[in-house]
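Everything below concerns the one structure shown next.
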Amino acid sequence: MRALVLLLTAACLAGAQHQALIDYLERRLLAIEDRITLWHEQTTRYAAELRELKQQMVAQLDSLDKEKESLRLSLDGVGGRVDRVEREMDYMETQNGAPPCVDVDDKLVEQQVTQVKERNKARYAQLSDCSEMISSIKAMKIVKKLGGPKGMWTKDVGGASGKVYVLNGTDQATVYEFASLRDFTASPDDASLARALSLPSPWQGTGHLVYEHHLYYVSDQLRVLKYDLRNASLADSAVFPAADHVPVYGLTPETVIDLAADEEGLWVVHATRRNLPPRISLAKMDAATLDLEQSWDTPCPTENAEAAFVICGALYVVYNAPQPGRSRVQCVFDVNGLVSGEEAPLVYFPKRYGAHSSLKYNPREQLLYAWDDGYQMVYRLVMKPKLEV
Ligand SMILES: *[C@@H]1O[C@H](CO)[C@@H](O)[C@H](O)[C@H]1NC(C)=O
Ligand SMILES: *[C@@H]1O[C@H](CO)[C@@H](O)[C@H](O)[C@H]1NC(C)=O
């Protein structure tokens, strides 16, 4: 009997213990559930905060991007202004130190001519054709600031007179002739030291050329006029036979065709719509009769072209961007097939210059005469033999 009571008591005790354990576990579970709920709430809150933060970050990044862009733009603007100031300073230097600077410049040019003459002699003695190509641009000099943003200036590229000619603007009829480079640099900005010549009809664009005492220029209707500068009279004229023509340089649309001279004579640089996109063509012109002797299609596009020149029978097309950046020779076409597009070096013009409205090569001096936003400049070229790559 006692034993039974003991057993029952034990069982009761065990039952009570069991209940306590279950109660305890339930309490723990509830606490854990509470905490899970809490965590869940916190996680949701954190996630929401994180999302909000992310949105804020994105918005801030956007505005940072915008600020970066406007900073870049104003930097570009400042860069342009610095370029302009540098150009002004170069020009002032030329002006203030006028006599010595110009002397040096003249000498440089003269020296250049003698060197080139000697080299030419040697070259022709070997009975080889003109066989040099441009390798780089060695130096530039701002000679003068005269006239409007677009125009053309040159020496007589075939003669030895040393006279300087200025054709200001893209649709005028008065040519300024200066007796020498020195007169040109010494002249006030109104060209009052020049002899003014009135042409029989206005020119169009900047594609003119002065070659052996004659001005070759293009008027409207694609007429090429040959004007004798010695007695101020029209010597000849011809209509350029080009069907479907388009302006030859995308960035200088006033110039419909461009005339160029090199060691071998006169060239016409033009473009037609026959190829799409339009590409530049080259034709050899007889300086005496204005007849076209031969014509070539080149692979060079007109788009973003600003000017071109011919050296030793090879056309060098200079490209820029609509917002003027750094001009560069980016397409070369050699009628003798000695320079292929791949071999031609990518020639950059010195930085910080705007757009060239004309570039005229002078084979006697191996200089390029450039008109850039009212500044008249000269580039000196470094040449190398065509076949030496
Ligand atoms: C040059 O041409 C511009 C117009 O393009 C004209 O305003 C300026 O007076 C001209 N300058 C000279 C020296 O002829
Ligand atoms: C101008 O000079 C050239 C060469 O001296 C001559 O052939 C031409 O007939 C002259 N023209 C006029 C109109 O005098």
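The values are calculated or read from the model by the stated rules, or taken from the named source; none is laboratory data. Keep in mind the model is a prediction, meaning the values are calculated, not measured. So basically every Cβ, Gly included, is an ideal-geometry build from the backbone, and we count neighbours across all protein chains shown.
The condition of being more than 16 Å from ligand 2 (Cβ to nearest atom) and touching a Lys or Arg at 6+ places or on another chain (Cβ under 6 Å) does not hold for S136. Just one of the numbered conditions (1) within 27 Å of the chain's Cα centre (by Cα); (2) over 21 Å from Y379 (Cβ atoms); (3) buried (at least 19 other Cβ atoms within 10 Å of the Cβ) is not true of H214: (1). Could you tell me whether the stretch 197-213 includes any residue that is without any contact (Cβ under 8 Å) to a residue 40 or more places away in the chain, assigned to a strand (DSSP E or B) and within 16 Å of ligand 1 (Cβ to nearest atom)? Scanning the stretch 197-213, I find at least one residue that is without any contact (Cβ under 8 Å) to a residue 40 or more places away in the chain, assigned to a strand (DSSP E or B) and within 16 Å of ligand 1 (Cβ to nearest atom), so the answer is yes. Considered as a group, the residues in the stretch 151-178 that are polar (S, T, N, Q) and more than 16 Å from ligand 2 (Cβ to nearest atom) include one that is nearest to L259 (Cα to Cα), and that residue is T154. Residues in the stretch 224-236 that are over 15 Å from Y165 (Cα atoms), surrounded by 16 or more Cβ atoms within 10 Å (Cβ to Cβ) and either out of contact with any Phe, Trp or Tyr (no Cβ under 6 Å at 6 or more places or on another chain) or small (G, A, S) (or both): A235 only.
Scanning for something within 16 Å of ligand 1 (Cβ to nearest atom), part of a loop (DSSP other than H, G, I, E, B) and loosely packed, with under 14 Cβ neighbours inside 10 Å, does the stretch 168-178 turn up at least one residue? Checked the stretch 168-178: at least one residue is within 16 Å of ligand 1 (Cβ to nearest atom), part of a loop (DSSP other than H, G, I, E, B) and loosely packed, with under 14 Cβ neighbours inside 10 Å.
Note on the stretch 239-288: residues that are in contact (Cβ under 8 Å) with a residue 60 or more places away in the chain, assigned to a loop (DSSP other than H, G, I, E, B) and closer than 20 Å to W203 by Cα total 6.
Close contacts from the stretch 155-167, counting a first residue that is over 15 Å from V378 (Cα atoms) and a second that is among the hydroxyl-bearing types (S, T, Y) and within 16 Å of ligand 2 (Cβ to nearest atom), with Cβ to Cβ under 8 Å and a gap of 6+ residues or different chains, come to G158/Y211; G159/Y211.
Within the stretch 143-168, work out how many residues are under 22 Å from the mean Cα position of the chain (by Cα), among the aliphatic types (A, V, I, L, M) and at pLDDT 95 or above. The qualifying residues number 1.
Put simply, of P299, P385 the only residue that is in contact (Cβ under 8 Å) with a residue 60 or more places away in the chain, in contact with a strand residue (DSSP E or B) (Cβ under 8 Å, 6 or more places away or on another chain) and not aliphatic (A, V, I, L, M) is P385.
Does F309 count as buried (at least 24 other Cβ atoms within 10 Å of the Cβ) and over 30 Å from D228 (Cβ atoms)? It is false that F309 is buried (at least 24 other Cβ atoms within 10 Å of the Cβ) and over 30 Å from D228 (Cβ atoms). Looking across L209, L234, one residue alone is more than 16 Å from ligand 2 (Cβ to nearest atom), in contact with a strand residue (DSSP E or B) (Cβ under 9 Å, 6 or more places away or on another chain) and not aromatic (F, W, Y). It is L209. Away from ligand 1 (no atom under 16 Å from the Cβ), hydrophobic (A, V, I, L, M, F, W, C), closer than 14 Å to Q376 by Cβ and at pLDDT below 95: does that describe L181? Yes; evaluated as a whole, the condition is true for this residue.
To keep it simple, each residue is scored yes or no on (1) over 22 Å from E264 (Cα atoms); (2) crowded, with 16+ Cβ neighbours inside 10 Å.
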position	(1), (2)
R274	yes, no
S295	no, no
E303	yes, no
V347	yes, yes
G354	yes, yes
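Y227 - would you say it is assigned to a strand (DSSP E or B) and hydroxyl-bearing (S, T, Y)? So Y227 passes the test. Which ones in the stretch 150-164 are within 13 Å of ligand 1 (Cβ to nearest atom) and within 21 Å of E365 (Cβ to Cβ)? Listed by number, the residues that qualify are G151, M152, W153. Looking at L181, L215, L193, L222, just one residue is of a type outside the set (S, T, Y) and within 16 Å of ligand 2 (Cβ to nearest atom), and that residue is L215.
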